1. For the range 200-275, which GluC sites (Glu not before Pro) are both in a DSSP coil and crowded by at most 16 other Cβ atoms within 10 Å?
2. Ranking Cys232, Cys567, Cys310, Cys504 by Cβ neighbours within 10 Å, fewest first, what do you get?
3. Can you put Asp261, Asp74 in order of Cβ neighbours within 10 angstrom, beginning with the fewest?
4. Fewest to most neighbouring Cβ within 10 Å: what's the order for Ser599, Ser292?
5. Can you tell me the FRET efficiency between Leu293 and Trp222 if r is taken as the Cβ-Cβ distance and R0 is 22 Å, rounded to the nearest 0.05?
6. For Asp305 and Lys342, compute 0.36 nm times the residue count separating them, minus their Cα-Cα distance, and round to one decimal in nm.
7. Per-residue HN-Hα couplings for the range 486-492, Karplus 6.51 cos²θ - 1.76 cosθ + 1.60 at θ = phi - 60°, whole Hz, x for Gly and Pro?
8. Each residue of the range 335-340 in turn: what ³J(HN,Hα) in whole Hz from Karplus with 6.51, -1.76, 1.60 and θ = phi - 60°, glycine and Pro shown as x?
Amino acid sequence: MTYYVVAHEWEIYYLLLPIATLPAGYIEYSNPQESEGIIRTSFVKKRGVYLWTNKINGQQYAGSAMDLSSRLSDYFTNSYIKYQSTRGSVISAAILKYGLSQFSLQVIVLGPSPTRDTISVNKKDDCYYYTVGSIKELKVIIDHFDKYPLITQKQADFKLFKSVAELVNKKEHLTIEGLKKIVNIRASMNLGLSDVLKTAFPNTVPAPRPKVEATEKPDPNWLAGFTDGEGCFYIGIFDSKKYKLGAVVQLCFSISQHSRDANLIGNIINTLGCGRLKERQKKSSVEFVVTSLWEIVEKIVPFFDKYPLCKEGLKMLDYVDFCKVVQLLKEDAHLTEEGLNKIRKIKSEMRIRRIKSIGGDENMPISEIDTSAAKPQKIFVYDSSTLTFSSVVYGYERLANLLGIHVNTARRAVKSGGVYANKYILSLSELDKENIKASPSFGGAMQRCLRRAAIKNNVKPKSTAIKVVHVYNKDKSVLLKTFPSVNAFMSFSKQSGYNTKLLCTTDILWLGEYFLSYDLIASADNSLANSEEFKPILRNRTTSIPVYTYSADGKTFIKRYSSLRECVKELDGNRNTNTSTLELRIEHKELYHGLRVYSSRVPIFDHDK
């Protein structure tokens with residue numbers, strides 16, 4: 001009987017009965033404890049399968065490893081055995097109980113370990129990554145980009161990366177000073193240091209970031225390759241009452257980059273002779289956008305016909321479909337029912353192709369496509385006006401792109417189980433019309449649907465009365481103030497809509513002194529004769545802390561930021577970065593991104609400049 005698995009780098013064990021052996025060619029150690037040195041050194045950079053056999057009870061355990069030397073060496077490390085046994089490892093528990101001397105070991109080598117330049121799949125974002133981790137092999141990568149330099153701001157990251165590789169080659173990373181140099185360089189790369197590194201190296205001074213001048217006119221072949229990675233061919237079909245068919249088709253070609261590459265986007269506009277630059281301040285990004293049909297027909301299509309995209313890539317297939325719709329629009333086919341349906345079908349095929357690329361089956365309905373290869377979160381999107389299925393979106397990032405919102409907002413929208421933007425019903429499970437009607441969280445959607453239907457049929461919908469907020473003393477005996485609407489009260493009190501509703505529908509007192517109600521209390525004095533007694537002491541919200549930045553030597557004033565968040569957003573390049581680090585730097589008078597930071601003015605400077 002032969003049983004082994006070589007599918008994963010992590011450990012897999014099986015209890016095998018009856019007594020098993022590995023295929024011919026295996027190496028056997030009757031007493032692994034005495035052969036420890038040989039076992040540790042005989043399987044360096046080799047992958048294979050191993051089989052442990054308990055000499056006392058005959059139980060067997062098989063495992064596989066991409067690096068046999070590393071895995072088998074772990075079994076001679078007592079701390080590893082103890083830790084793995086607490087995690088439920090059967091073989092570790094058995095070795096801990098009986099000792100290595102009571103086991104025999106068989107090992108079969110299946111080949112060399114894979115090199116560190118591998119292609120891997122990230123299951124969270126459905127992407128393939130080509131990774132090179134060996135210093136020796138990184139030299140090939142560095143030599144390549146020295147010969148063919150990057151032209152985006154990524155070139156600055158490459159130069160910093162190259163300087164780190166040189167430090168490692170000189171073994172400087174093995175010294176404290178060398179390690180600090182590397183951390184300083186890392187602080188200037190990409191999005192800077194992680195929170196863990198910031199805590200470990202609080203006095204980090206980011207290394208100067210190399211300046212990269214955007215190429216005035218990018219090479220056309222480079223631009224085609226760049227589009228393969230960063231471009232997007234989009235076909236939009238939107239509802240519109242201006243058109244006879246009730247829908248309008250909008251084509252869009254775009255390329256997105258970090259806002260620091262705005263000059264590059266400007267040069268792309270000059271190269272293609274069309275499009276516009278669109279800033280997305282919330283995402284710290286800029287986009288090259290072309291939506292004009294004339295520009296697409298006269299500029300974009302001829303360019304990519306002359307400098308084609310990669311034939312093996314999905315982007316090329318998207319471009320071909322994009323061109324099909326361009327031709328239909330040129331022929332005014334989108335103004336007919338048949339032509340509009342053709343465009344809808346092409347758009348649907350583009351979406352299905354993307355889904356298939358992560359494990360879908362072309363013969364299966366979209367709602368049943370299996371994405372187990374990548375396992376992103378499947379999100380069902382329904383039309384709140386018709387309560388019908390609209391589409392399936394795989395992953396929160398894709399949903400965020402679809403709705404044009406931040407990924408965290410997309411997660412909250414799905415988690416709430418309600419209606420987003422009065423248009424979409426989002427769910428993690430498949431629903432039918434009856435499920436939606438029966439769900440309390442979709443009650444608002446039903447009301448909106450009924451109102452829309454009434455308007456369509458020229459039936460005047462029932463109007464919703466504006467709620468008035470009445471303020472009484474804590475005994476509910478005297479009316480002190482009446483606000484004409486909930487919004488008026490919210491504006492005055494700075495309370496949220498949720499808190500206002502809670503105060504008006506429960507016995508909770510506002511500010512500990514006032515009872516709120518939507519309705520007048522019949523037994524109370526509602527004459528407002530005692531309105532002068534209504535003098536609430538409102539708790540003002542904490543004002544934002546301004547940040548003043550100066551050069552490292554403290555001799556030059558740089559800029560004033562209105563808040564900690566604004567300062568972090570600009571200097572870190574990420575609005576979601578925690579402001580605690582900045583607050584600590586201000587408190588301890590330490591440098592932040594190479595600048596001195598204060599929460600109050602330094603009087604010797606003219607801050608109005």
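Just so it is clear, none of the values below were taken in a lab; they were calculated from the coordinates. Predicted model, so just to flag it, every value in this text is computed and none were measured. FYI the Cβ positions are ideal-geometry reconstructions off the backbone, even for glycines, and counts take in every protein chain you see.
1. Values: sites: Glu213, Glu216, Glu230; in loops: Glu213, Glu216.
Answer in residue order: Glu213, Glu216.
2. On the way: Cys232 16, Cys567 25, Cys310 13, Cys504 21.
With the fewest neighbours first, Cys232, Cys567, Cys310, Cys504 line up as Cys310, Cys232, Cys504, Cys567.
3. Numbers: Asp261 21, Asp74 16.
Final ranking by Cβ density, sparse to dense: Asp74, Asp261.
4. Ser599, Ser292
5. The computed FRET efficiency comes out at 0.25.
6. 11.0 nm
7. So the Karplus estimates, Gly and Pro as x, are 4, 4, 5, 5, 4, 5, 6 Hz.
8. Per residue, the Karplus-derived 3J(HN,Hα) values read 8, 10, 4, 5, x, 5 Hz.
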